[in-house]
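Worksheet: the structure to be examined is printed underneath.
What follows is calculated from the coordinates using simple rules that are stated; it is not laboratory data. Computed from a predicted model, the values in this text were never measured in an experiment. Counting neighbours? That spans all protein chains shown, and the Cβs are built from the backbone with ideal geometry, glycine included.
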Amino acid sequence: MSTDSLSALIRTIPDFPKPGIQFRDVTTLLADGAGLAELVERMAAIARPLEPDLIVGIEARGFILGAALALALGKGFVPVRKAGKLPGKTVGIDYVLEYGTDRLELHEGQVPQGARVVLVDDLIATGGTALAAAQLLREQGASVLMALFAVDLPDLGGKKALEADGVTAAAIVAFEGD
Ligand code: AMP
C-alpha cells in the first residue's frame, strides 16, 4: 500500500475540538484491516533494528498503535496515562499546555533503569506531549531510542522540537499546512 493510500484512510474533521483545528482522525485507518496492518508493519520496520526492550504508548490512541507494535516486535507494552488513571503507585511529570498544565504518569518500576524504549503516539503536533513523556522516561533512567508516530504535522514543529531535545523522531505520514 502506498503512503498516499495510507494517508487517504485518515479522516480529517475540521474545527474539532475547537475552531481552526483540522483533526486528523486515525480511527478510520484503524478500522481498515489492510491499512492497519500496513501502518503497523511500517512502524515495526523502523523500530525493530533499534532492538528496544519495551514499547511505551501515550494515552489514548498511542495505546492502540503501541500495543500493536509491541506485539509485532514480541516486546512488552507500558502505558503513559493522564493523571489519576493508573491504579498502582505512579511517577509523573507536569507539563505546560497552550492554556494551563497537564500531567502524565507511569506505573513506578514498570520501565526499569537502563531500559531501551520506543515511545509511540498516533500523532505529533507541537511535540509537547511526547517531550514530556520522553522526559519522564529519562527520569526513570530509560533510554528513549525513538519517538514514533503514525502522523506528523510538520508545520507545528514537534519533530524538530523532539530532535532538538535529543530524541530521534519519525512518522509514517505527514499532513503539510496544518
Ligand atoms: P502535541 O503535544 O501538540 O504534539 O499534541 C499531540 C497530542 O494531541 C497527540 O496525543 C494527538 O493525538 C493530539 N492531537 C494534537 N493535534 C491533533 C490533530 N490536529 N489531530 C488529531 N490529534 C491531535
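Tabulated results
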| item | result |
| --- | --- |
| Net charge, VAL78 excluded, C-beta distance under 13 Å - Lys, Arg +1, Asp, Glu -1 | -1 |
| Sites matching trypsin sites (Lys or Arg not before Pro) across the stretch 86-170 that sit in DSSP coil, with at most 10 neighbouring C-beta atoms within 10 Å | LYS89 |
| Gain upon complete extension [ALA60, GLU108; 0.36 nm per residue less C-alpha separation] | 15.3 nm |
| Inter-label distance, nm, simple model (7 Å from Cα along the C-beta direction), SER2/GLN22 | 1.9 nm |
| Choice from ALA44, ALA31, ALA150 with maximal GNM fluctuation in the chain (Cα, 10 Å cutoff) | ALA31 |
| Spatially proximal lysines relative to LYS18 (Cα-Cα < 28 Å; intrachain offsets below 8 disregarded) | LYS82, LYS85, LYS159, LYS160 |
| Rel. contact order, % - alpha carbon contacts under 8 angstrom, at least six apart, the stretch 51-174 | 23 percent |
| Fully extended contour minus Cα-Cα distance, from TYR95 to GLU176, at 0.36 nm per residue | 26.5 nm |
| Residue among ALA133, ALA83, ALA70 with the largest mean-square fluctuation in a Gaussian network model of the chain, springs linking Cα atoms under 10 Å | ALA83 |
| Filtered GluC sites (Glu not before Pro), the stretch 103-178: DSSP coil and at most 16 other beta carbons within 10 Å | GLU108, GLU176 |
| Extension gain from ASP155 to LEU50, taking 0.36 nm per residue of separation minus the Cα-Cα distance | 35.1 nm |
| Environment charge of ILE21, counting only residues whose C-beta is closer than 12 Å and scoring Lys/Arg +1, Asp/Glu -1 | -2 |
| Local electrostatic count, PRO154, Cβ distance below 11 Å [Lys/Arg +1, Asp/Glu -1] | -2 |
| Residue with peak Gaussian network fluctuation, the chain [Cα springs, cutoff 10 Å], from PHE149, PHE16, PHE63 | PHE16 |
| Dipole magnitude of the stretch 23-178 about its Cα centre (Cβ charges: Lys, Arg +1; Asp, Glu -1), debye to nearest 20 | 480 debye |
| FRET efficiency, ALA164 to ALA31 (Cβ-Cβ, R0 25 Å, nearest 0.05) | 0.10 |
